[in-house]
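The values are calculated or read from the model by the stated rules, or taken from the named source; none is laboratory data. All of these numbers come straight from a predicted model, not from anything done at the bench. Here the Cβ positions follow ideal geometry from the backbone for every residue, glycine too, while neighbour counts run over all protein chains shown.
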């Protein structure tokens, strides 16, 4: 691709050309740049929109998911007509509609230890728009091994984080978080919710960092070595200085990681899935039959109070998951206890919590949670 700007491109990017920090040379760098966006959801949407508008020459999109109606509250790159389409296809159409001068490569696949290096090596910068710890550690390690900067963002409810992890120039994600949190401790957005505009704020900041890295901003003007916290509800920002860990296993002189590992296992998800398989499950249809036949059991809904306002499980005991251990005496160990949450994941963690607290009764998890009950048994219950 020629770095020369056409007359049309000069007109399109004129507001950039007027900035001495960008100018003609910087815009040409943007045109020649290749940026990989992993995830085309909440964070990936503003990232892709603004990087396309800025004139990034080649944008790669990695995602294996399809557009769902619940995405549209925050994933502004998709529209109602895109529901059930692959996210990368929807995002590509929108990007090309914004800027026909750029190249868009799509990877309709999950990024893994098997394909990450092959995909990432073709790009200058990786923008992390993911929502899970295994992929964050995977991208960090791949970036460190290949010498690529990772522009990091994360969101939950009203809070966001932004940073740049570049092992060549500063600390990496492992320097900040050497170990992932315990499984089940940190819920994802599907379980805990997210303010719709928050990914727009955080994703736009990520896009700004990508642009600065490409045009050659001074290191101190970037978020290398700094973690920015965003509180969208209180409209507050604070900053944490990150130092490079001299014993970091991936980016220090004492590095012990020389290739990509099993990140599901590293984050405890492999072990947790095994544990989950040991938890007794019940399908919605089987639970309905039990109820109809008058089977003696207790149904325990462990969702939060504000979720109960959306929909209630009929005749369930309501105990928010955070109150389970101190309200354990409200449960009858002599009869089955069936646990319900939104999608069946928090309830598994609740069962493990009760087991660890010494509960002796039979504990059963409703497969798919309240959403599965709504889909298969009672369509009058909203799916959220």
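Here's the yes/no breakdown for (1) surrounded by 13 or more Cβ atoms within 10 Å (Cβ to Cβ); (2) within 28 Å of the chain's Cα centre (by Cα); (3) part of a loop (DSSP other than H, G, I, E, B):
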{"site": "307", "(1), (2), (3)": "yes, yes, no"}
{"site": "343", "(1), (2), (3)": "yes, yes, yes"}
{"site": "348", "(1), (2), (3)": "yes, yes, no"}
{"site": "359", "(1), (2), (3)": "yes, no, yes"}
{"site": "370", "(1), (2), (3)": "yes, yes, no"}
{"site": "374", "(1), (2), (3)": "yes, yes, no"}
{"site": "378", "(1), (2), (3)": "yes, no, yes"}
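Residue count for segment 193-216 satisfying the condition of being in a helix (DSSP H, G or I), under 18 Å from residue 235 (Cβ atoms) and in contact with a helix residue (DSSP H, G or I) (Cβ under 6 Å, 6 or more places away or on another chain): 3. Residues in segment 101-113 that are out of contact with any helix residue (DSSP H, G or I) (no Cβ under 7 Å at 6 or more places or on another chain) and either in contact (Cβ under 8 Å) with a residue 40 or more places away in the chain or crowded, with 23+ Cβ neighbours inside 10 Å (or both): 4 in all. Please verify whether residue 298 is part of a helix (DSSP H, G or I), touching a residue at least 40 places away in the same chain (Cβ under 8 Å) and farther than 27 Å from residue 174 by Cβ, treating the condition exactly as stated. In short, no.
In this structure, is residue 242 touching a residue at least 24 places away in the same chain (Cβ under 8 Å), within 23 Å of the chain's Cα centre (by Cα) and surrounded by 10 or more Cβ atoms within 10 Å (Cβ to Cβ)? Let's see the steps before the verdict.
Values: touching a residue at least 24 places away in the same chain (Cβ under 8 Å): yes; within 23 Å of the chain's Cα centre (by Cα): yes; surrounded by 10 or more Cβ atoms within 10 Å (Cβ to Cβ): yes.
When the stated conditions are applied, residue 242 passes them.
All of (1) modelled with pLDDT of 95 or more; (2) in contact with a strand residue (DSSP E or B) (Cβ under 8 Å, 6 or more places away or on another chain); (3) surrounded by fewer than 22 Cβ atoms within 10 Å (Cβ to Cβ) hold for residue 223 with one exception: (3). Yes or no: segment 160-171 includes at least one residue that is closer than 19 Å to residue 190 by Cα, assigned by TED's automatic domain parsing to the domain that holds residue 56 and either buried (at least 23 other Cβ atoms within 10 Å of the Cβ) or touching a residue at least 12 places away in the same chain (Cβ under 8 Å) (or both). Yes, there is a match, as at least one residue in segment 160-171 is closer than 19 Å to residue 190 by Cα, assigned by TED's automatic domain parsing to the domain that holds residue 56 and either buried (at least 23 other Cβ atoms within 10 Å of the Cβ) or touching a residue at least 12 places away in the same chain (Cβ under 8 Å) (or both).
Go through segment 1-80 and tell me which helices (runs of 4 or more DSSP H), entirely inside it, have 3 or more residues that are more than 32 Å from the chain's Cα centre (by Cα).
On the way: elements: 7-12, 14-17, 23-32, 44-54.
It comes to 7-12, 14-17, 23-32.
In segment 1-16, the residues that are in the same structural domain as residue 53 (by TED's automatic domain parsing) form no Cβ pair under 6 Å with any partner that is modelled with pLDDT of 95 or more and assigned to a loop (DSSP other than H, G, I, E, B), whether six or more places apart or across chains. For segment 276-302, give me each residue that is buried (at least 17 other Cβ atoms within 10 Å of the Cβ) and at pLDDT below 90. Across segment 276-302, the qualifying residue is only 276. Residue pairs whose Cβ atoms lie under 6 Å apart, separated by 6 or more positions or on different chains, with the first residue in segment 69-80 and assigned by TED's automatic domain parsing to the domain that holds residue 47 and the second in a loop (DSSP other than H, G, I, E, B) and surrounded by fewer than 21 Cβ atoms within 10 Å (Cβ to Cβ), are 69/83; 73/196; 74/196.
Meeting the requirement of 1 or more residues that are touching a strand residue (DSSP E or B) at 6+ places or on another chain (Cβ under 7 Å) and modelled with pLDDT of 95 or more, the helices (runs of 4 or more DSSP H) wholly within segment 132-192 are 133-146, 173-176.
Would you confirm, using the coordinates I've provided, whether residue 61 is touching a residue at least 12 places away in the same chain (Cβ under 8 Å), surrounded by fewer than 22 Cβ atoms within 10 Å (Cβ to Cβ) and either within 21 Å of residue 143 (Cβ to Cβ) or not assigned by TED's automatic domain parsing to the domain that holds residue 148 (or both)?
Values: touching a residue at least 12 places away in the same chain (Cβ under 8 Å): yes; surrounded by fewer than 22 Cβ atoms within 10 Å (Cβ to Cβ): no; either within 21 Å of residue 143 (Cβ to Cβ) or not assigned by TED's automatic domain parsing to the domain that holds residue 148 (or both): yes.
Here the answer is no, as residue 61 does not meet what is asked.
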